[in-house]
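*Asks:* Take this structure first; my questions come after.
The values are calculated or read from the model by the stated rules, or taken from the named source; none is laboratory data. Keep in mind that what you see is a predicted model, and the values were worked out from it rather than measured. Backbone-built Cβ (ideal geometry, glycine too); neighbour counts: all protein chains shown. Keep in mind that these areas ignore ligands, DNA and RNA; they rest on the heavy atoms of the full protein, side chains included. Shrake-Rupley method; radii C 1.70, N 1.55, O 1.52, S 1.80 Å.
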There are 2 protein chains.
Amino acid sequence: MSEKTISQKITFKGDFLTVLKDEVQLPNGNFATREYIHHIGASAIIAQNNKNEFLLLKQYRHALKTNFYEFPAGKRDFPDEDYLLTAQRELLEETGYRAKLWNKLGLIHPCIGYADEVIHIYHAEQLEFHATSREEGEHIEVFWKTKKEIDDLIRSNNMTDTKSISAWSIYSLNNCS
Amino acid sequence: MSEKTISQKITFKGDFLTVLKDEVQLPNGNFATREYIHHIGASAIIAQNNKNEFLLLKQYRHALKTNFYEFPAGKRDFPDEDYLLTAQRELLEETGYRAKLWNKLGLIHPCIGYADEVIHIYHAEQLEFHATSREEGEHIEVFWKTKKEIDDLIRSNNMTDTKSISAWSIYSLNNCS
């Protein structure tokens, strides 16, 4: 099933968030409105070293006033940016690492009820450390974690960020027995 | 680390979305603004029958103009609603099932960069079918899927909704070897 878009307008444009409001026609002929965030898209990275450890961050997120375990991730800089370039830039900025080997794992949708955001997921290997270049106000701790440690963080509900759990789940189901 | 909230205002209130804007002070003393969606909270349900099958939905989501595989889920009706009651109501509304046995699996955060949303995850067993009572405009297909079928949907990137992947991952890590 699908809904036919009759009209679309921007109802809010803030410093960071843009809200769209569409008038739609339902399959039964009735009309309804759909309000959602327009997002530029993002990439997230499962970066693995040659000791089978994975780069994990801990970062403060003001919306929830909590420090979260997350995989490296970030938004595209402009609407047509290639998602792989976004991934490479964010990995370097947040962790200081460059990777020689990149593989696409898939994509995920974090907020299907009220945002059009898509996050592309990459697996990065053959890592080399360079300098970090974090943006002002980004306070990030970086950890190396084993597969078991990451599974335990999810199992014990100490990693609750859904982009990170989902990226790890897709990676694990494709790479582990 | 954390940020100190200096002020908060509502910068947008739409039909469904509310945008907050906080002025914050960073640990280094600088000031910044944080813009995010205020969300009432939600529950999601892994409902399992006595044949070890799980209830999965397919539902159209206008923000992405796509039909998504999802576990049953929905928002609280009011700010203090008990998340278990939300889960019980949404399972009944979306699938027509009531469950006798409920266990909390944990909680997840779908959108830590720009929303304060929390989704509580429940495991429901001992199911009995009653009538569905879907809201107008909710067009939902309901399926029974095995563990292998759900793992395959995630592995093949045919299930991309992060609340559903994350709920399944927490369930799987706690209940499967």
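*Asks:* 7 Å from Cα along Cα→Cβ at both residue A:51 and residue B:146: what's the point-to-point distance in nm?
*Replies:* With each label point 7 Å from Cα toward Cβ, the separation is 4.1 nm.
*Asks:* Further question on the same structure: By how many degrees, 0 to 90 and rounded to 10, does the Cα axis of helix A:83-95 deviate from the longest principal axis of chain A?
*Replies:* Long axis of A:83-95 versus the principal axis of chain A: about 50 degrees.
*Asks:* Could you sort B:111-124, A:62-75 so that the peptide with the highest average Cβ count within 10 Å comes first and the rest follow in order? List each step's numbers first, then the result.
*Replies:* Numbers: B:111-124: 23.9, A:62-75: 20.0.
Taking the mean over residues of other Cβ atoms within 10 Å, the ranking is B:111-124, A:62-75.
*Asks:* Would you tally the net charge around residue B:45, using a Cβ to Cβ cut-off of less than 10 Å, leaving residue B:45 out, and scoring K and R as +1, D and E as -1?
*Replies:* So the environment of residue B:45 carries a net charge of -2.
*Asks:* Indicate the gyration tensor shape class of the range A:1-56 (rounded, prolate or oblate), computed on the Cα atoms with a ≥ b ≥ c the square roots of the eigenvalues: a/c under 1.5 is rounded; otherwise a/b larger than b/c is prolate and the rest oblate.
*Replies:* Numbers: a/c = 6.14, a/b = 2.24, b/c = 2.74.
Oblate, since a/c reaches 1.5 and b/c is not below a/b.
*Asks:* Please give the total accessible area that chains A and B bury against each other, computed with a 1.4 Å probe and expressed in Å² to the nearest 100.
*Replies:* Numbers: alone 10720 and 10730 Å², together 15770 Å².
It comes to approximately 5700 Å² buried between A and B.
*Asks:* How many percent of the accessible area of chain A is carbon or sulfur, using a 1.4 Å probe? Walk me through the numbers before you get to the answer.
*Replies:* Numbers: 3660 of 7880 Å².
Looking at chain A in its full context, I get 46 percent from C and S.
*Asks:* Moving to a separate point now. Among the listed pairs A:104/B:58; A:58/B:163; B:51/B:147; A:104/A:147; A:4/A:104; B:100/B:145, give every one whose C-alpha distance is greater than 22 Å.
*Replies:* Values: A:104/B:58 25 Å; A:58/B:163 20 Å; B:51/B:147 11 Å; A:104/A:147 19 Å; A:4/A:104 32 Å; B:100/B:145 20 Å.
Check vs 22 Å cut-off fails for A:104/B:58; A:4/A:104.
*Asks:* Let me ask something else about it. Please compute the contact order of chain B in relative form: average sequence separation of alpha-carbon pairs under 8 Å and at least six residues apart, divided by the residue count, as a percent. The partial results should precede the final answer.
*Replies:* Values: 351 pairs, mean separation 40.4, N = 177.
Taking the mean separation of contacting Cα pairs over the length of chain B, I get 23 percent.
*Asks:* Can you tell me what share of the DSSP beta bridges in chain B is antiparallel? A percent to the nearest 5 is fine. Before the final figure, lay out each step's value.
*Replies:* Values: 42 of 49 bridges.
Antiparallel: roughly 85 percent of the beta bridges in chain B.
*Asks:* How much length is gained if the chain between residue B:30 and residue B:82 is pulled fully straight, taking 0.36 nm per residue apart and subtracting their Cα-Cα distance, in nm to one decimal?
*Replies:* Values: separation 52, 0.36 × 52 = 18.72 nm, distance 3.86 nm.
Taking 0.36 nm per residue and subtracting the Cα distance, the gain is 14.9 nm.
*Asks:* So what's the net charge close to residue B:65: Lys and Arg +1, Asp and Glu -1, counting the other residues with Cβ under 13 Å from its Cβ?
*Replies:* Working: positive: A:4, A:34, B:61; negative: A:3, A:22, A:116.
Charge balance in the 13 Å sphere: 0.
*Asks:* Then there is this: For chain B, just run the numbers: alpha carbon Rg, then divide by 2.2 N^0.38 Å, N being how many residues it has.
*Replies:* Details: Rg = 18.3 Å, N = 177, 2.2 N^0.38 = 15.7 Å.
Cα-based Rg divided by the globular estimate yields 1.16.
*Asks:* Related question: Within 10 Å of each Cβ in A:149-157, how many Cβ atoms from other chains are there, averaged over the peptide?
*Replies:* Values: counts 0, 0, 3, 1, 1, 8, 8, 4, 9.
Mean shielding count: 4.
*Asks:* Would you mind giving the three semi-axes, in whole Å and largest first, of the ellipsoid equivalent to the protein assembly as shown according to its Cα gyration tensor? Spell out each step's value before the answer.
*Replies:* Details: eigenvalues 196, 134, 75 Å².
After diagonalising the Cα gyration tensor, the semi-axes are 31, 26, 19 Å.
*Asks:* Quickly estimate the mean residue ellipticity at 222 nm for chain B, helices only: each DSSP H run with n ≥ 4 gives -39500 (n - 2.57), and the total goes over all residues, rounded to 500. Please list the in-between numbers first.
*Replies:* On the way: 3 runs with 36 residues, N = 177.
The helix-only estimate for chain B comes to -6500 deg cm²/dmol at 222 nm.
*Asks:* In whole angstrom, note down how far apart the Cα centers of the range B:151-168 and the range B:20-78 are.
*Replies:* 15
*Asks:* Follow-up. Compute the long axis of helix B:162-175 from its Cα atoms, compare it with the longest principal axis of the Cα atoms of chain B, and write down the angle in degrees, 0 to 90, nearest 10.
*Replies:* Helix B:162-175 sits at roughly 60 degrees to that axis.
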